[in-house]
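Encoded as structure tokens, the structure appears first; notes follow it.
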Amino acid sequence: MDGIQLMIEEHKTIKRMLEVIRSFCLRILDGKEVDGEDVFKMIDFVRNYADKHHHGKEEDLLFKFMTEELGSTAEKLVRNGMLVEHDLGRLYMRELEEATEKMIKGDEEAKVDVIGHGMSYYHLLQRHIDKEDGMVYKYGEDNLSKETIERMNRETEIIEKEAREKGLQEKYEALVKELEEKYR
Ligand SMILES: [Fe+2]
Ligand SMILES: [Fe+2]
């Protein structure tokens, strides 16, 4: 299994959910009725698929190996760039969750915070994914040793298999589809 190629594919699924978040925000802006409970589904996807499953593989495999094997340039790129952005994404999700709880309780003003935090996450992740697809992954792929790439691919396979047994990929791919159909 090609671990890097798989993560590029996962980016496509994550970007589809980003478009759902954007469409949801647009609905609020248009003054339409929205179902706040759907935001919790989006947050669940972000936390368990985009963050735990996908960022988990970056942090525990590719980025870890790059930091260990490729010297200070790679270490700076990973630590000050990618990992900082993963953390910022987690903060936006906590803020989005808080704002959504308020909105559901009838706080009209909280709608602007839902839009703000949702769109902050949207733009952060768009830029983040573009950097990984266009530069960071390639840097790792071109410079890590063949043995390390093979180790990463083997470990990716184990993670994927365990997740598949729990139905994780299937669950979140279905969730993207469900929300896309609702918010397209
Ligand atoms: Fe990342
Ligand atoms: Fe990524």
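Listing for the model above:
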item	result
Pairwise label distance in nanometres, Glu180 with Asp2, each label 7 Å out on the Cα-Cβ vector	2.2 nm
Label point distance in nm, Lys161-Ile104, each placed 7 Å from Cα along Cα→Cβ	3.8 nm
Gain upon complete extension [Glu173, Gln126; 0.36 nm per residue less C-alpha separation]	15.0 nm
Simple label model, 7 Å out from Cα along Cβ direction - Leu91 to Lys32, nm	3.2 nm
For the chain, the longest site-free run once GluC sites (Glu not before Pro) in DSSP loop states with at most 14 other Cβ atoms within 10 Å are removed	110-184
The chain: relative contact order in percent, alpha carbon pairs under 8 Å with at least 6 residues between	39 percent
Whole-number Å³ per residue for the convex hull built on Cα positions in the chain	102 Å³
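Readers should treat all values here as calculations from the given coordinates under stated rules, not as data from a laboratory. Treat the numbers as computed from the prediction; the structure is a model and nothing was measured. Every residue, glycine as well, gets a Cβ built from its backbone with ideal geometry; the counts of neighbours run over all protein chains shown.
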